[in-house]
Amino acid sequence: MRNGLRTAVLGAVLVLATACGSAGAPVDPAPAGDVAPPQPANVGGADNAGGGGTADTSCNPLASLRPINGTSITSGSTMAKIKENGKLIAGVDQTTFLFGFRNPTSGQLEGFDIDMVNEIAKAIFGSAEGRVQFRAIPSKLREEVLEKKQVDIVVRTYSITCSRLKKVGFSTAYYKAGQRILVESGSNVTQLSDLGGRRVCATKTSTSLTKIAADPSKPVPVSVDNWSDCLVMLQQKQVEAVSTDDVILAGMLAQDPTLKIVGDRFSEENYGIGVPKENEDMVRYVNAVLENVRGGAWQASYARWVGNKLEGGTPPPAQYK
């Protein structure tokens, strides 16, 4: 009986083993070499262009409101309310190396734009330490957070245009950049017209995306939330190029020296500090701070972040209405 039982059990195991293996050797349904790298979230196209409003020439976008009381704070002013609240709320970037990025070691936000925020906080509170509440926002939300007064200022490589001035207030220009092109080091591209029919990345509602979409050579615009997404897509060969302001491209190049910046500037981008449109006193105050910053703090910040990566090194002069 025992031998018979053992034989029956072994037979059952053999049947099960045979049944499990009847499908044959396992087959990999998607070999690793055939798997496309995942795209960043929220990738779009030319439908996200136009927000920058570069075609609107109805004003002199660089003419801002003249400072009146310097950096003194009067009772009842926007700055007095900020001081009473104890925090300056600033919309910034945390993904653009050199201008607004999170230091992976310290976890702190750093860069040229962050320095400008800290200078404004220093003027209001006497020190920026613990006085800034940073809110990281994508470029497409810059106007929205100002219109809804969710922030006091936006300092985020924010080009001043007549179209944007209809929605928000701007300081005088504190930095002048220009649009160029970033490609792989082996690319033969030298200008935007070489990219006709090819995928070129920029952030949503940026002036850069608008220029790509409007170029007669008809590049294929690819729009993303953040500039770091463009860098990833270029590295993964999901786009042929990234086109935006040279200082943003310089930050990408510093992270990946296998790339190169090509061509001359084909635009002029003047960065201003965005303020809710009704807060004209804040615009005047920020302009007073920038007058002081141009006297030394600007040069120190430029030398730290940009100096050895791009030509230039002088702040644009203030223009007033």
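The values are calculated or read from the model by the stated rules, or taken from the named source; none is laboratory data. Please read all numbers here as calculations on a predicted model, not as lab measurements. With ideal geometry, Cβ positions are generated from the backbone for all residues, glycine too; neighbour counts draw on all protein chains shown. Note: areas computed on protein heavy atoms with side chains; ligands, DNA, RNA excluded. Shrake-Rupley method; radii C 1.70, N 1.55, O 1.52, S 1.80 Å.
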Residues (assigned to a loop (DSSP other than H, G, I, E, B) and within 15 Å of residue 306 (Cβ to Cβ)) located in the range 94-106: 97, 98, 99
Listing of strands (runs of 3 or more DSSP E) fully contained in the range 127-225 that carry 1 or more residues being open to solvent by less than 20 Å² (accessible area, probe 1.4 Å) and either of a type outside the set (Gly, Ala, Ser) or at pLDDT below 95 (or both): 168-170, 175-177, 179-184, 199-203, 220-224
Which numbered condition residue 82 fails, given (1) at pLDDT 95 or above; (2) assigned to a loop (DSSP other than H, G, I, E, B); (3) not small (Gly, Ala, Ser): (2)
Condition broken by residue 225, with the remaining ones in (1) closer than 21 Å to residue 112 by Cα; (2) in contact with a Ser or Thr (Cβ under 6 Å, 6 or more places away or on another chain) satisfied: (2)
Within the range 51-109, considering residues that are within 18 Å of residue 132 (Cα to Cα) and among the small types (Gly, Ala, Ser), the one surrounded by the most Cβ atoms within 10 Å (Cβ to Cβ): 100
Which listed residue is hydroxyl-bearing (Ser, Thr, Tyr) and touching a strand residue (DSSP E or B) at 6+ places or on another chain (Cβ under 8 Å), from 139, 127, 58, 75: 139
Qualifying residue in the range 210-228 (condition: acidic (Asp, Glu) and within 17 Å of the chain's Cα centre (by Cα)): yes
Criterion (acidic (Asp, Glu) and closer than 24 Å to residue 242 by Cα) met by exactly one of 152, 113: 113
